[in-house]
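Colleague: My questions all concern the structure below.
The values are calculated or read from the model by the stated rules, or taken from the named source; none is laboratory data. As the structure is a prediction and not an experimental result, all values here were calculated from the model. Here the Cβ positions follow ideal geometry from the backbone for every residue, glycine too, while neighbour counts run over all protein chains shown.
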Amino acid sequence: MRFTRASGVLLHPTSLPGPHGSGDLGPEAYHFVDWLVAGGQTLWQVLPLAGIGPGNSPYMSNSAFAGNVLLVDLAELHQQGWLEEADLAPTAGLAADAVDYAHVHPFRMERLHKAALRFAAGGSAAQREDFAAFRAEHANWLPDYALFMSLCESLGWADWCTWEPALAQREPQALAAARVQHAERVHFWEFAQWRFFRQWAKLKAYANGKGVKIVGDIPIFIAYLSAEVWANQHLFELDETRANRGRPTVVAGVPPDFFSATGQRWGNPLYRWAAHAKDGYAWWVERVRRSFELADIVRIDHFRGFAGYWEIPASEPTAVKGAWKPGPGEALFQAIQDALGPMPIIAEDLGVITPDVDALRKQFGLPGMRILQFAFAGDASDRFLPHHHETDTVVYTGTHDNDTAAGWWASATDRERHYARRYLNTDGHDMAWTLIRTAMASVADTAVHPMQDVLALPTECRMNFPGQESGWWRWRFQWAQVQPWHAGRLAELSRLYGRCAW
């Protein structure tokens, strides 16, 4: 699907300012939309909105459908009458410049729990009616998710395959008993999802009303400790022997690459694609459909895995001894298109890209990605250089996995620096904005720049470092860092290169 020429900013909601230790769906998110509009930007790209997993990564969520309850605006719960004013007072450890999850998680969860109890005890008729409508609307995933999260809490977040067999294998009588036993926590998780979805829908409507589209993100894989793997075990490559029943036999990752000499062993269970094919890829169709309820455009992470994926034996500690296996290819995307029609999907075609990956992307008209930070390590044949860009691509200065532009420039090799200076006709004194201008000038229909690059921030502000399991996904900005010229300069470049709506 051809996109309208536009540009936008990549910023996950957790990186927004706010008083409660991390960004959320409250007033600062609305202010950010207004700032985008002032800067002539019509796209707000986020990372996956699902709950975080190991290492606080949004790409390792415990559900493919649920939202991140830590994003719920606590002030809105106070407005509904479920929290007291005193509940909103920040406590020690809620940092302004980074998300300290050790403090943020208990602070926010305690208040969500208190709000859920107060709603249960005294919610109005209209509130209860809306809650019931939400539960009915999401009945195909919410009950499994709420029970799964409740069981995980009560069982110390142990792998679900270690639970008592009746629960691990989802025997109906055991599930019914568990729902009774954990009724309060099941209600809590359903309540928290209700507030996330209602708050996000309101924010998205506000952004759309201002001419800003949301660009969402679907991780290709999901975490093993997730409601969907537990509830759909036949769709994943899990051991069926009695001794290891339910454990992954093979896991996901990528071979050695730019980021790591031993590759990346992500550890997600792999899909049993033959089982998906038998039911017309219904699970994937529903996943994409639900994603488009949250976003206007959706980026699918690790698109190359649909053409061919790197399969790693679960017993291997690194990704080195993996092997390429064929993905579902055309069949999956044809099923999605048949069910939902042509959808505005961005294909994250980074890594080892073979002709079959390009062919699959182009067959369904999915724009790929071009990363400017990758462009200057080779020569004039490098596909990331602007003179190789195509209209059906999205150009980024860098992604959430890259260093900031300023950090990249500070650590670039002498050869990269020399080539970049000559190619971009710059002395390198303002490389972040040089890359933003270059992206804006590209023939690519879409240009996206991380907020860190708009603010020309150093390496310390990068969002993630692939292959490193902890210490990331924490960066936040403050409005004091943002000057009027930031929006003005974005607006001028958008007008200059035909990306502005006004």
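Colleague: Within the stretch 98-153, which residues are among the charged types (D, E, K, R), more than 25 Å from the chain's Cα centre (by Cα) and over 19 Å from His182 (Cβ atoms)?
Modeller: Arg118, Arg128, Glu129, Asp130, listed by residue number.
Colleague: Can you tell me which residue in the stretch 322-355 is farthest from Arg299 (Cα to Cα), limited to those that are exposed (fewer than 15 other Cβ atoms within 10 Å of the Cβ) and in contact with a strand residue (DSSP E or B) (Cβ under 9 Å, 6 or more places away or on another chain)?
Modeller: The qualifying residue farthest from Arg299 (Cα to Cα) is Ala323.
Colleague: Which pairs turn up if I take residues in the stretch 306-324 that are in contact (Cβ under 8 Å) with a residue 12 or more places away in the chain and look for partners that are assigned to a strand (DSSP E or B) and of a type in the set (Lys, Arg) with beta carbon separation below 6 Å, at least 6 apart in sequence or on another chain?
Modeller: Sorted first by the residue in the stretch 306-324, then by its partner, the pairs are Tyr309/Lys325; Glu311/Lys325; Ile312/Arg265; Thr318/Arg265; Ala319/Arg265.
Colleague: What is the residue count in the stretch 231-249 for residues that are under 21 Å from Trp141 (Cβ atoms) and touching a strand residue (DSSP E or B) at 6+ places or on another chain (Cβ under 8 Å)? Reasoning before the result, please.
Modeller: Within the stretch 231-249, the first condition is being under 21 Å from Trp141 (Cβ atoms), and the residues that meet it are 231-236, 238, 246.
From what's left, touching a strand residue (DSSP E or B) at 6+ places or on another chain (Cβ under 8 Å): 235-236, 238, 246.
Residues meeting the conditions: 4.
Colleague: I've got another one for you. With respect to the numbered conditions (1) touching a Phe, Trp or Tyr at 6+ places or on another chain (Cβ under 9 Å); (2) crowded, with 21+ Cβ neighbours inside 10 Å; (3) closer than 21 Å to Lys213 by Cα, which one is the sole condition not fulfilled by Ile436?
Modeller: Here Ile436 clears every test but (1).
Colleague: While we're here: For the subset of the stretch 137-169 comprising residues that are hydrophobic (A, V, I, L, M, F, W, C), surrounded by fewer than 14 Cβ atoms within 10 Å (Cβ to Cβ) and free of Cβ contacts under 8 Å to residues at least 40 places away in the same chain, which member is nearest to Ala192 (Cα to Cα)?
Modeller: Ala139
Colleague: What pairs come out if I take residues in the stretch 430-459 that are on the phi > 0 side of the Ramachandran plot and pair them with residues that are not acidic (Asp, Glu) whose C-beta lies under 7 Å away, six or more apart or interchain?
Modeller: As it stands, the answer is Ala456/Ala406; Ala456/Ala432; Ala456/Trp433, since those pairs meet every condition given.
Colleague: Still on this structure, please answer the following. Out of everything in the stretch 1-55 that is of a type in the set (Phe, Trp, Tyr) and surrounded by fewer than 24 Cβ atoms within 10 Å (Cβ to Cβ), what residue ends up being farthest from Met149 (Cα to Cα)?
Modeller: Only one residue tops the list, namely Phe3.
Colleague: Next question. Considering (1) of a type in the set (Ser, Thr, Tyr); (2) over 23 Å from Asp159 (Cα atoms); (3) in contact with a strand residue (DSSP E or B) (Cβ under 9 Å, 6 or more places away or on another chain), say which one Thr262 fails and leave the rest.
Modeller: Of (1) of a type in the set (Ser, Thr, Tyr); (2) over 23 Å from Asp159 (Cα atoms); (3) in contact with a strand residue (DSSP E or B) (Cβ under 9 Å, 6 or more places away or on another chain), only one is false for Thr262: (3).
Colleague: Let me ask something else about it. Just give me the residues in the stretch 491-502 being buried (at least 19 other Cβ atoms within 10 Å of the Cβ) and assigned to a helix (DSSP H, G or I), in sequence order.
Modeller: Restricting attention to the stretch 491-502, the residues satisfying the condition of being buried (at least 19 other Cβ atoms within 10 Å of the Cβ) are 493-494, 499-500.
Passing the criteria: Leu493, Ser494.
Colleague: May I ask you to list the residues in the stretch 78-118 that are touching a strand residue (DSSP E or B) at 6+ places or on another chain (Cβ under 9 Å) and either part of a loop (DSSP other than H, G, I, E, B) or more than 30 Å from Ser470 (Cβ to Cβ) (or both)?
Modeller: The answer is Asp97, Val99.
Colleague: Picking from Leu71, Leu77, which residue would you name as being in contact with a Phe, Trp or Tyr (Cβ under 8 Å, 6 or more places away or on another chain) and modelled with pLDDT of 95 or more?
Modeller: Leu71
Colleague: Something else now. Residues being closer than 29 Å to Asn56 by Cα and in a loop (DSSP other than H, G, I, E, B): count how many of those fall in the stretch 439-490.
Modeller: Going through the stretch 439-490 one residue at a time, the tally reaches 21.
Colleague: What is the number of the single condition among (1) within 19 Å of the chain's Cα centre (by Cα); (2) modelled with pLDDT of 95 or more; (3) in a helix (DSSP H, G or I) that Gly55 does not meet?
Modeller: (2)
Each row is one residue, and each column tells you yes or no for (1) at pLDDT 95 or above; (2) in a loop (DSSP other than H, G, I, E, B); (3) within 24 Å of Val448 (Cβ to Cβ).
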position: Ala192; (1), (2), (3): yes, no, no
position: Phe196; (1), (2), (3): yes, no, no
position: Lys204; (1), (2), (3): yes, no, yes
position: Ala207; (1), (2), (3): yes, no, yes
position: Asp217; (1), (2), (3): yes, no, yes
position: Leu225; (1), (2), (3): yes, yes, no
position: Glu228; (1), (2), (3): yes, no, no
position: His234; (1), (2), (3): yes, no, no
position: Thr241; (1), (2), (3): no, yes, no
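Colleague: Report, by residue number, each residue of the stretch 377-402 that is assigned to a loop (DSSP other than H, G, I, E, B), more than 24 Å from Gln264 (Cα to Cα) and aliphatic (A, V, I, L, M).
Modeller: Ala380, Leu385
Colleague: Can you tell me how many residues in the stretch 448-502 are of a type in the set (Ser, Thr, Tyr) and closer than 20 Å to Gly39 by Cβ?
Modeller: The total comes to 2.
Colleague: Let me ask another. Taking Phe107 as the residue in question, decide whether it is in contact with a Phe, Trp or Tyr (Cβ under 8 Å, 6 or more places away or on another chain) and not β-branched (Val, Ile, Thr).
Modeller: no
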